[in-house]
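Heads up, the thing below is written out as structure tokens.
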Amino acid sequence: MAVNDTIADMLTRIRNANMARHQTTQVPSTKMTRSIAKVLREEGFIGEFEEAGEGVACNLVISLKYKGKNRQPLITTLKRVSKPGLRVYSNKKELPRVLGGIGIAIISTSSGIMTDREARRQNLGGEVLCYVW
């Protein structure tokens, strides 16, 4: 099935796997989903991720993280901000702070995909892809 919005698809798959307490989840591998997975890993929201398969059927296998003996998901919310039908951009002065800095906003900048904190540090604005906390 061809998906129009790969980012929303990725976030939904992670959200669903989290609610079902799965250990891993698979998302179609694109340059964009790889970059987002890298940011999520660096921020400690997910464990490792690796590519499985090759060519068009290439998937990212993302291992999810839980805390405590009740296995509460580390990611409580994944929220898509900029959609194909309505893009959301913000310049360096208006970069969003998610939950007063507890969460992160993933921003697509001219220097690649990064968190709002990193974009602020590098004085960059860009497309606000999603919020994670």
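Points to keep in mind about this one:
- Flag for Ser63 being touching a residue at least 40 places away in the same chain (Cβ under 8 Å) and either in a strand (DSSP E or B) or of a type in the set (Phe, Trp, Tyr) (or both): yes
- Boolean, Phe49 is open to solvent by 20 Å² or more (accessible area, probe 1.4 Å), in contact with a strand residue (DSSP E or B) (Cβ under 9 Å, 6 or more places away or on another chain) and without any contact (Cβ under 8 Å) to a residue 24 or more places away in the chain: yes
- Extreme residue, farthest from the chain's Cα centre (by Cα), among residues of the range 13-33 that are free of Cβ contacts under 8 Å to residues at least 40 places away in the same chain and surrounded by fewer than 17 Cβ atoms within 10 Å (Cβ to Cβ): Ala20
- Number of the condition not met by Val128 [criteria: (1) under 15 Å from the mean Cα position of the chain (by Cα); (2) open to solvent by less than 10 Å² (accessible area, probe 1.4 Å); (3) of a type outside the set (S, T, N, Q); (4) farther than 30 Å from Ala2 by Cβ]: (4)
- Taking the range 71-99 as the range and being over 30 Å from His22 (Cα atoms) and surrounded by fewer than 17 Cβ atoms within 10 Å (Cβ to Cβ) as the test, the residues that pass are Gly85, Leu86, Arg87, Val88, Tyr89, Asn91, Lys92, Lys93, Glu94, Pro96.
- Filtered residues of the range 109-125 (kept if surrounded by fewer than 21 Cβ atoms within 10 Å (Cβ to Cβ) and either out of contact with any Ser or Thr (no Cβ under 7 Å at 6 or more places or on another chain) or assigned to a loop (DSSP other than H, G, I, E, B) (or both)): Thr109, Ser110, Ser111, Thr115, Arg117, Glu118, Arg120, Arg121, Gln122, Asn123, Leu124, Gly125
- Leu124 falls short of the stated requirement of being in contact with a Lys or Arg (Cβ under 8 Å, 6 or more places away or on another chain) and under 27 Å from Gln26 (Cβ atoms).
The values are calculated or read from the model by the stated rules, or taken from the named source; none is laboratory data. As the structure is a computational prediction, the values presented were derived from the model and not from experiment. Here Cβ is always computed from backbone atoms with ideal geometry, including for glycine, and neighbour counts include all displayed protein chains. Surface areas here come from the heavy atoms of the whole protein model, side chains and all, with no ligands, DNA or RNA. Shrake-Rupley method; radii C 1.70, N 1.55, O 1.52, S 1.80 Å.
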